[in-house]
Amino acid sequence: MSVTRTVERAGAAVSACNAAKAVNLMLALQMLEQAEAALREHRIGFEQRLRLEKVKNSATAHARAALADADVDPDMLWKALL
């Protein structure tokens, strides 16, 4: 295999990895949004609220990890989310 071909494949692998990281970040943010929406629901019981708080905290941790892993500029992400 030529060096050029190897570099092209490595570049494609990096691009695929970055795309997967972006998808992971998007899913983590969606999960966080859903947990926050569920917590705003006034008709849930105390135990369900506690479970949802745990889910929200976990989703927040996953979103932070995904953001750090995705190597995304936070300002650009914030503008994209607005």
> Just for segment 1-31: of the residues that are within 28 Å of residue 76 (Cα to Cα) and among the β-branched types (Val, Ile, Thr), which one is modelled with the lowest pLDDT?
Replying inline: 14
> Which pairs do you get when a residue that is more than 13 Å from residue 67 (Cβ to Cβ) and touching a residue at least 24 places away in the same chain (Cβ under 8 Å), found in segment 12-31, comes within reach of a residue that is surrounded by 14 or more Cβ atoms within 10 Å (Cβ to Cβ) and among the hydrophobic types (A, V, I, L, M, F, W, C), reach meaning Cβ atoms under 7 angstrom, with the pair 6+ apart or on two chains?
Replying inline: 31/59
> What are the residues in segment 26-61 that are surrounded by 15 or more Cβ atoms within 10 Å (Cβ to Cβ) and not in a helix (DSSP H, G or I), if any?
Replying inline: none
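The values are calculated or read from the model by the stated rules, or taken from the named source; none is laboratory data. On a predicted model such as this, the values are computed, not experimentally measured, just so you know. Cβ sites come from the backbone with ideal geometry, for glycine too, and all protein chains shown count toward neighbours.
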